[in-house]
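The values are calculated or read from the model by the stated rules, or taken from the named source; none is laboratory data. Keep in mind that this is a model prediction, so the values were computed, not measured. FYI the Cβ positions are ideal-geometry reconstructions off the backbone, even for glycines, and counts take in every protein chain you see. In case anyone asks, the SASA skips ligands and DNA or RNA and just uses the protein heavy atoms, side chains included. Shrake-Rupley method; radii C 1.70, N 1.55, O 1.52, S 1.80 Å.
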Amino acid sequence: MNIRPSAAIRQNYNEIADLCRKTAEPVYLTKNGEGDLVVMDIETFARREKMLKLREELLAVEEDRLHGARGYSIDEVTAMMRAAAQEANHAAGNAE
């Protein structure tokens, strides 16, 4: 865990930015000895956001399943995907 005083961001911005990129971890900034802010590079932030969104979607699907929503087998999903691809190909052929 990388912890720095908040003054470090003003005094050593490039060093903190490099640390964030190099470690792909957040840097925790303190103010008067207490946690104040978290800083991370944009790629790490985007990756974490995508992961959180995926977890939310998986949780919603699992909640639906627990409440009796119908699930699909791998064969059913494969058949639905093939049908959708054929329909898209057919529609694209008619559009030309």
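Please find, within segment 46-87, the residue that is modelled with the lowest pLDDT out of those that are of a type in the set (D, E, K, R) and surrounded by fewer than 10 Cβ atoms within 10 Å (Cβ to Cβ). Filtering first and then ranking leaves Arg70. Selection of segment 1-13 for residues being loosely packed, with under 13 Cβ neighbours inside 10 Å and closer than 24 Å to Glu49 by Cα yields Met1, Ile3, Tyr13.
If only residues of segment 19-45 that are open to solvent by 90 Å² or more (accessible area, probe 1.4 Å) and without any contact (Cβ under 8 Å) to a residue 12 or more places away in the chain are counted, the one that is farthest from Ile9 (Cα to Cα) is Phe45.
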